[in-house]
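What follows is a single structure, written as structure tokens, with notes after it.
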Amino acid sequence: MNINSDNALSIAAAVRTRQVSAVEVTQAALTQITARNHQLNCFTAITAETALRDAAKIDKQIAQGNHIGLLAGVPFAVKNLYDIAGLTTLAGSKINAENPPARQDATAIAKLKQAGAVLVGALNMDEYAYGFVTENFHYGVTRNPHDLQRIAGGSSGGSAAAVAAGLVPLTLGSDTNGSIRVPAALCGVFGFKPTYGRLSRAGVALFSSSFDHIGTFARSVQDIATAFDILQGEDERDPICTRRPCQLCLPQLEQDISGIRIAIADDYFTQSATPKALAVVQKVAQALNVTEYITIPEAHRARAAAFVITASEGANLHLHQLKSRPQDFDPATRHRFLAGALIPNSWYLQAQRFRRWYRHRLEEVFKKVDIILAPTTPISAPLIGQQTMILDGEEIPVRPHLGLFTQPLSFIGLPVLSVPIQGGNALPLGVQLVSAPYNEILILQIAAVLESQAVTSAKMAPS
């Protein structure tokens, strides 16, 4: 087996059957990270000592015949806004670097460790998760493994790039307005944002509390489903975390999908996208024999309202630092937060009222269909430092518009999986599979079919 290119489940199976030790797997991952991180800048911290110690404990448990979880010996890493015991939680900022180390792991990290996974480090991101590029002012740019002159996307850029480069098979990120889906699409990997509140955010630095989700990146649907199954469950440390029963997806991936109603999002989701971005949606639709279109009403207003709410909530969270030490922010982040701080309360309240109305309209849409297909990003990965792009004949800023098609969906917390579509020598793009809240299993079943047909695949970028 090739430890650096295999998927999580195949690595875990080899560790459990003692074809390879957890220590060997972990050391291979650490060696690869050390060799390539200077080039990609995915990691802001590497936890080599604790990782090797944890791996040795797993090998000991296996030697004693004890049960080890589904992810035995699988290396994983997390966006640096997750608390890691003994490390300071940066959230991509200079200011947070002065904080004391976290006392305990975030709930999501603890659950993956309980399943046998081995944490190997923390990953680069946009400051305070406010961005779509991971061109971090303090910690540098994370480069796209498919083209080192291009961005990895953001704000979970390190999480996507680490999986695409084969440094680890599984990472955790966060998604407010598209921060999992955008980098997943640009780096050519699977990026999953479950329903809002489905997974615990305890021990995760928030950006906008009423929007923030946690989620996963991987190179296979099975790995995404496995991690989702492990991460579910209520958590008293996070009052937002749902008390709904867990929905185990891995055992159901191969079920028949013939009764699932699928449609393509039209109108807003077909405007302002490059022909290539629309072509990959059609490729998925043709594979699934989908010809029906459906309109998501007022998606452009949903995106505008999402801007208002997230900017307001983010600015309020960091208001003290904005007043006392504005010079220590990334200038781009500071400017957006200052703009958010000036938004009138009446705008925020009206955006929340519209949010309620929009949720009801989408409930009506999902009475007609089960899954909606939409592009993840309007373009493939832009060049590092690129300020503008041409969409629909208009020159517009890159940073805010990479989330053009993701924001209207996270606005009401819908579950979404971005599936990677490889374009030969072209850069990868993504297609969003969207369902009604708590219907994650339908999304993963559709993705599994697409993967089995080789329509979607997360090919590791060449080193």
#### Entry: Relative counts (whole %) of C-alpha pair distances in the chain, using bins that are 10 Å wide
5, 23, 34, 26, 10, 2, 0
### Accessible-area order (highest first, 1.4 angstrom probe) of the listed residues W347, W357
W347, W357
### Query
Which value, in Å² and to the nearest 10, is the accessible area of I390 when all protein chains are kept and the probe is 1.4 Å?
110 Å²
### Task
Using a 1.4 Å probe and counting only protein heavy atoms, arrange S380, S324 so the residue with the most accessible area comes first.
S324, S380
### Task
Report the paramagnetic label zone for E394: residues of region 273-315 whose backbone N is under 18 Å from a point 7 Å from Cα along the Cα-to-Cβ axis.
273-275, 298-308
### Task
Check cross-link reach from K60 to the lysines: straight Cα distance under 30 Å, and skip same-chain residues fewer than eight apart.
K79, K111, K113
### Message
Modelling each spin label as a point 7 Å along the Cα-to-Cβ direction, I'd like the N2/K57 distance in nm, to one decimal.
### Response
3.2 nm
### Query
Considering amide H positions built from the backbone, and no H for Pro or chain starts, which residues 5 or more places from R198, or on another chain, come under 5 Å of its amide H?
T242
### Query
Using a 1.4 angstrom probe and counting only protein chains, how large is the accessible area of E49 in Å², to 10?
140 Å²
### Query
Residue-wise, which Karplus ³J(HN,Hα) couplings in Hz belong to region 319-329, taking 6.51 cos²θ - 1.76 cosθ + 1.60, θ = phi - 60°, and x for glycine or proline?
4, 4, 5, 4, 7, 8, 8, x, 5, 8, 8
### Query
Taking the simple approach of a point 7 Å from Cα along Cα-to-Cβ for both H320 and E98, what is their distance in nm?
1.2 nm
## Note on the structure
Placing each pseudo-label 7 Å from Cα in the direction of the beta carbon, L383 and S452 end up separated by a distance in nanometres of 4.4 nm
### Query
So what is the 222 nm mean residue ellipticity for the chain from helices alone, if each DSSP H run of at least 4 adds -39500 (n - 2.57) and you divide by all residues, rounding to the nearest 500 deg cm²/dmol?
-11000 deg cm²/dmol
### Task
Provide T388, T274, T291 ordered by accessible surface of protein heavy atoms (probe 1.4 Å), highest first.
T291, T388, T274
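The values are calculated or read from the model by the stated rules, or taken from the named source; none is laboratory data. Small disclaimer: the values here were computed from a predicted structure and weren't measured. Every residue, glycine as well, gets a Cβ built from its backbone with ideal geometry; the counts of neighbours run over all protein chains shown. Accessible surface areas use protein heavy atoms only, side chains included; no ligands, DNA or RNA. Shrake-Rupley method; radii C 1.70, N 1.55, O 1.52, S 1.80 Å.
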